[in-house]
């Protein structure tokens with residue numbers, strides 16, 4: 001028998017997170033590690049768990065499996081947050097209003113600006129010399 005799960009994909013900058021929610025005991029694994037092991041910077045575990053708290057669900061109700069890659073730690077945490085919010089919507093569409101109001105359903109479109117020819121970086125120009 002196949003285990004039923006709800007999946008949501010979240011992205012931020014170069015990070016992509018595939019979040020799977022299953023009914024269970026509350027284990028939260030990110031790339032084979034626990035949540036606190038993987039996101040050990042202050043505030044990142046709370047960012048990843050924010051959609052659950054917003055809709056009033058207990059962390060113990062779901063087993064969460066996350067596969068995340070690319071980008072940096074904070075970008076990955078926000079990608080997990082978006083993926084979890086999308087997975088929660090599949091569980092119960094009535095969560096949409098609360099998640100939308102908290103801003104968890106909006107994908108942050110900001111990405112790194114490309115380097116332009118003749119410049120050192122995206123906007124930094126070489127030092128101007130008159131003579």
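In table form, for the structure just shown:
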{"quantity": "Output for region 9-23, where each listed residue is outside any strand (DSSP E or B) and on the phi < 0 side of the Ramachandran plot", "calculated": "14"}
{"quantity": "Options 82, 88: the member that is closer than 17 Å to residue 8 by Cα, over 13 Å from the mean Cα position of the chain (by Cα) and buried (at least 23 other Cβ atoms within 10 Å of the Cβ)", "calculated": "88"}
{"quantity": "Breaking point among (1) surrounded by 12 or more Cβ atoms within 10 Å (Cβ to Cβ); (2) touching a residue at least 40 places away in the same chain (Cβ under 8 Å); (3) within 22 Å of residue 11 (Cβ to Cβ), for residue 100", "calculated": "(2)"}
{"quantity": "Pairs, first within 19 Å of residue 43 (Cα to Cα) in region 56-74, second assigned to a helix (DSSP H, G or I) and at pLDDT 90 or above, C-beta under 7 Å, six or more apart", "calculated": "59/49; 59/52; 66/80; 68/76; 68/79; 68/80; 73/44; 74/44"}
{"quantity": "Where residue 105 falls short, out of the listed (1) surrounded by fewer than 16 Cβ atoms within 10 Å (Cβ to Cβ); (2) not in a helix (DSSP H, G or I)", "calculated": "(1)"}
{"quantity": "One residue from 3, 30 being surrounded by 12 or more Cβ atoms within 10 Å (Cβ to Cβ), without any contact (Cβ under 8 Å) to a residue 60 or more places away in the chain and either on the phi < 0 side of the Ramachandran plot or over 13 Å from the mean Cα position of the chain (by Cα) (or both)", "calculated": "30"}
{"quantity": "Selection within region 6-27 - over 23 Å from residue 105 (Cα atoms) and surrounded by 12 or more Cβ atoms within 10 Å (Cβ to Cβ)", "calculated": "24, 27"}
{"quantity": "Region 33-60: number of residues that are on the phi < 0 side of the Ramachandran plot and part of a loop (DSSP other than H, G, I, E, B)", "calculated": "7"}
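The values are calculated or read from the model by the stated rules, or taken from the named source; none is laboratory data. Bear in mind the structure is a predicted one, so any value in this text is a computation, not a measurement. Note that each Cβ is placed from the backbone with ideal geometry, even for glycine, and that neighbours are counted across all protein chains shown.
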